[in-house]
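Presented below is the structure to which this report refers.
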Amino acid sequence: MAAEKILMPVAAPATRWALGLPLLRVVLVAAASGIAWAVVSVFEAGAAFPLSPMIAVVAMLPVNIVCLWLVARLLHRQGHTIRSLLGFERRRLLRDLLWGLLWVIVLYLPFTGAILFVTWLQHGSELFERMETVFFDPAGIPALNPVVWAVLGIIGALTFAPLNAPVEELLYRGFAQSTLRRRWPTVFAIVVPSILFAVQHIWYAPTPGAAAAFVAAFFVWGVGSGLIYLRQRRLMPLVFAHGLVNLFFTLPALAVPFIPADLMTNGA
């Protein structure tokens, strides 16, 4: 019975937010990325866009805070809480973590396959040669002071995974998917939030050439997560899986201050 309450946490009056909140997040992510690029451009003329993923990660901090606040308010109106939507239970944390580790493996295989497939469509037989430049561009990393990079890396590592993972799972799966499923066929309730989830990740792409692959890969991840939530009826395992991937994504940024300056500026 408790599981059913977690899966269907909101009433009909909030249905309009099932699309509005994910759309708002996409707009906020785009706006935060643009503002961050403008700020970086003040210190470095001709800064690349999209920004270095590390700066994009830090720019997501206010976006995640706003989205978490909005989800909390919407749930409060219906007499529910973030804790209940997550299905957070201390006695189940270890089990949820183990499920999360399994879901990382299950989701990462099609995620990687989507990236490889789209890159192959774009570059054919040069797939693996182009991977190095499509998904990493040293020239696109702003030549900021190492101390600034260290601070950004610490902020990103400490805030992105712990905050971004639960916020996105709450918003796209817990809130949007559950609410849409009250009115729409299940397939659309899963696919539509997954499309918005994927579009949001354009702003995380390390280069413009990686944007299409990112959209495809995160769409696949979103659909897979939606199916898992539909079957398991709990968000915490997905939060752990999502958080682990976010952590792996941000921890390498802590090494940026130790990369030689010539590599940071021209990739030599």
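The values are calculated or read from the model by the stated rules, or taken from the named source; none is laboratory data. Computed from a prediction, not measured in an experiment: that's the story for all the values here. Note that we place each Cβ from the backbone using ideal geometry, even for glycine, and neighbour counts take in every protein chain shown.
Listing for the model above:
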quantity	calculated
Positions within segment 103-132 being within 16 Å of L238 (Cβ to Cβ) and either surrounded by 14 or more Cβ atoms within 10 Å (Cβ to Cβ) or in contact (Cβ under 8 Å) with a residue 24 or more places away in the chain (or both), in sequence order	W103, V104, V106, L107, Y108, P110, F111
Single unsatisfied condition, T207 versus (1) under 18 Å from V26 (Cα atoms); (2) in contact (Cβ under 8 Å) with a residue 40 or more places away in the chain; (3) hydroxyl-bearing (S, T, Y)	(1)
So R234, is it surrounded by fewer than 22 Cβ atoms within 10 Å (Cβ to Cβ) and in a loop (DSSP other than H, G, I, E, B)	no
Residue in segment 16-48 that is modelled with the lowest pLDDT, counting only those that are in a helix (DSSP H, G or I) and over 23 Å from the mean Cα position of the chain (by Cα)	F43
Scope segment 146-191; condition among the polar types (S, T, N, Q), crowded, with 23+ Cβ neighbours inside 10 Å and more than 30 Å from V58 (Cβ to Cβ); matching residues	T179
Hey, L263 over 11 Å from the mean Cα position of the chain (by Cα) and at pLDDT 95 or above or not	no
Residue within segment 112-121 that is farther than 20 Å from V245 by Cβ, at pLDDT 90 or above and not charged (D, E, K, R) present	yes
Subset of segment 46-60 [closer than 22 Å to V26 by Cα and surrounded by fewer than 17 Cβ atoms within 10 Å (Cβ to Cβ)]	F49
